[in-house]
Amino acid sequence: MSEAARSEFIDMIRSHSGTGFGGGIGMEYTEVTPDKVVVTVTVGPHLHQPYGIVHGGVYCAIAEEVASIAGAVWLGGEGKVVGVNNSTDFLRAVTEGTLTATGTPVHRGRSQQLWRVEIEDDRGRTAAVGQVRLANLQ
């Protein structure tokens, strides 16, 4: 894929910020490249579980979306990606502030990809770490 086509594809991805499930929980894309995707999410009561901390499913959803967008951008419109496994570990309770999730590749191959997504609180402390395996559908 040419650099111009990749840039257009990234712009299309960014234009969907604020829509779908990711938009529903408030994901904002701050960096989108073939090698890294960064999103932020403002924490509020709509993301809490009954104990007043961010629900674990929110971390899983963030990891899934970050990895899927990153994988799709790397694949560059030559196909689609779908998540086939999501393993997310919860390390620190967060009640307020902003989460920042950064996705980077572990493996990118012909038929599958593996992405690591680290989610930090607004003090730079790791709150969750996810690993998402994607299948490349051509």
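Length gain on complete extension for the stretch Lys80 to Asp35, per 0.36 nm per residue less the alpha carbon to alpha carbon distance?
Roughly 14.5 nm would be gained on extension.
Could you do me a favour and compute the accessible area per residue for the chain, 1.4 Å probe, result in Å²?
52
In degrees between 0 and 90, to the nearest 10, how far off the longest principal axis of the chain does helix 56-75 point, with axes built from Cα atoms?
The angle comes out at about 20 degrees.
How large, in percent, is the carbon and sulfur part of the accessible surface of the chain at a probe radius of 1.4 Å?
50
For segment 37-115, what relative contact order do you get, as a whole percent, if you take Cα pairs closer than 8 Å and at least 6 residues apart?
Worked out over segment 37-115, it gives 43 percent.
What is the Cα centroid distance between segment 82-138 and segment 52-81, reported in whole angstrom?
If we compute the Cα centre of each part, the gap is 7 Å.
With runs of 4+ DSSP H residues as the only contributors, calculate the mean residue ellipticity of the chain at 222 nm using -39,500 (n - 2.57) per run, divided by the residue total and rounded to the nearest 500.
Helix contribution divided over all residues of the chain: -9000 deg cm²/dmol.
Which of Met12, Val39, Gln113 sits farthest toward the positive end of the charge dipole of the chain, with +1 on the Cβ of Lys and Arg and -1 on the Cβ of Asp and Glu?
Gln113
Using Cα-Cα distances under 8 Å and only pairs 6 or more residues apart, what relative contact order does the chain have, in percent?
Dividing the mean separation by the residue count of the chain yields 24 percent.
Report the charge-dipole magnitude of the chain in Debye, nearest 20, computed about the Cα centre from +1 at each Lys and Arg Cβ and -1 at each Asp and Glu Cβ.
Taking the Cα centre of the chain as origin, the dipole is about 380 debye.
Beyond 17 Å, how much of the Cα-Cα pair distribution for the chain remains, as a whole percent?
Value for the chain: 56 percent of Cα pairs lie more than 17 Å apart.
Any chance you could run the full-extension gain for Met12 through Ala93? It's 0.36 nm times the residue separation minus the Cα-Cα distance, nm to one decimal.
Full extension from Met12 to Ala93 adds 25.8 nm.
Per 0.36 nm of contour for each residue apart, how much would the distance between Val106 and Leu137 grow if the chain were fully extended, relative to their Cα-Cα spacing?
Taking Val106 through Leu137 to full extension adds about 9.3 nm, to one decimal.
Expressed as an acute angle from 0 to 90° and rounded to the nearest 10, what is the orientation of the C-alpha long axis of helix 3-15 relative to the principal long axis of the chain?
30
The values are calculated or read from the model by the stated rules, or taken from the named source; none is laboratory data. Since this is a predicted model, take the numbers as computed values, not measurements. Heads up, the Cβs are rebuilt from the backbone with ideal geometry, glycines too, and the neighbour counts pull from every protein chain shown. SASA here: full protein model, heavy atoms, side chains in, ligands and nucleic acids out. Shrake-Rupley method; radii C 1.70, N 1.55, O 1.52, S 1.80 Å.
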